Amino acid sequence: MTIGYAGTSLYRSLQIQTRIVFALIMREIITRYGRHNIGFAWLFAEPMLFTSGIVALWSTLKEGSATHNINIVAYAITSYSTVLVWRNTIGRCTMAIVPNMSLLVHRNVRPIDFFIARIVLEIAGASLSAFAMLSIFIALGVIPPPVDVLTMIKGWLILCWYAAALGFLIGGLSEYSDLVERLWHPIAYFQLPLSGAFAMAAWLPENFRRIVLMFPAPNAVEVFRLGYFGDVVRPYYNLPYTCTICLILTWLGLLVVRGASTRLDAK
């Protein structure tokens, strides 16, 4: 006789959680993009349009030449794609509970499900966009293929972890005060020079490099670029430090989301 896992409470809880998150993702897609035109394809088409604009702009400014022995098109794609991951994910997590308050009447739906659904959706969109852009330009022969795909994936996953952790934190804090949402947008723009997207750490003055690498995002971006360009670039990163910061941010984010959920139950 075969013994299944359906009888275990943990398995059943994970099954219910997965179904709820999937339903929320589908609801978010329909609410945001509708059923007309290309519909949910805007999930990755929109980031592709933004990235394509940056690629065209940088290519025009550099007249198609290489910078620091790096293909400018490949550099633009690998740069702006990383920005979309954390900017879109964190931005969408702000005020995630209020528009979905009516769904809390269902017993199994919890506020954290709203955050998880939006995080998964934004990361999936940015990932599909980056993969599609790289695949198209590699197929056209405009850019070379990546040197080490596994290292690229490692850097990308760490960046996604950072985006998710900060998404929980900023999103949860925004439920306490609308001021958090308003402050995040200018903070996101100020964070761009420190994100590692537009300049590699090796190109920065040593003093400024130390400040930049105190943030998790540049470390992850350096690993991502190392996987793509290989020995052509000289990366600077500290993965143990980055993972520790991401772990702390995740713990704080989940703590804040839990507090926001408690406040809703008390009302």
Considering only residues that are β-branched (Val, Ile, Thr) and buried (at least 17 other Cβ atoms within 10 Å of the Cβ), look in region 218-235 and name the one that is farthest from residue 81 (Cα to Cα). 233
Could you run through region 195-208 and say how many residues are without any contact (Cβ under 8 Å) to a residue 60 or more places away in the chain and closer than 12 Å to residue 220 by Cα? 1
Name the single residue that is surrounded by the fewest Cβ atoms within 10 Å (Cβ to Cβ) among those in region 143-164 being of a type in the set (A, V, I, L, M) and farther than 29 Å from residue 258 by Cα. 150
Going by the structure shown, is residue 132 surrounded by fewer than 23 Cβ atoms within 10 Å (Cβ to Cβ) and either part of a helix (DSSP H, G or I) or in contact with a helix residue (DSSP H, G or I) (Cβ under 8 Å, 6 or more places away or on another chain) (or both)? yes
Which ones in region 165-217 are surrounded by 15 or more Cβ atoms within 10 Å (Cβ to Cβ) and among the charged types (D, E, K, R)? 175, 181, 209
How many residues, within region 154-199, are among the β-branched types (Val, Ile, Thr) and more than 23 Å from residue 117 (Cβ to Cβ)? 1
Do the conditions hold for residue 108, that is, is it closer than 17 Å to residue 27 by Cα, of a type outside the set (A, V, I, L, M, F, W, C), in a loop (DSSP other than H, G, I, E, B) and in contact (Cβ under 8 Å) with a residue 24 or more places away in the chain? yes
Mind listing whichever residues of region 241-267 are under 20 Å from the mean Cα position of the chain (by Cα), farther than 19 Å from residue 197 by Cβ and not aliphatic (A, V, I, L, M)? 241, 243, 244, 250, 251, 253
Would you say residue 38 is farther than 24 Å from residue 218 by Cα, surrounded by fewer than 20 Cβ atoms within 10 Å (Cβ to Cβ) and at pLDDT below 65? yes
Looking at residue 18, is it among the polar types (S, T, N, Q) and at pLDDT 80 or above? yes
Tell me, which helices (runs of 4 or more DSSP H) wholly within region 159-267 include 1 or more residues that are at pLDDT 85 or above and acidic (Asp, Glu)? 206-212, 216-229
Looking at region 67-105, which of its residues are buried (at least 20 other Cβ atoms within 10 Å of the Cβ) and assigned to a loop (DSSP other than H, G, I, E, B)? 71, 94, 96, 97
Within region 227-254, the count of residues that are out of contact with any Ser or Thr (no Cβ under 7 Å at 6 or more places or on another chain), over 22 Å from residue 166 (Cα atoms) and not β-branched (Val, Ile, Thr) comes to 6
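The values are calculated or read from the model by the stated rules, or taken from the named source; none is laboratory data. Owing to the predicted nature of the structure, the values given are computational and were not obtained by experimental measurement. Please note: Cβ atoms are built from the backbone with ideal geometry, for glycine as well, and neighbour counts cover all protein chains shown.
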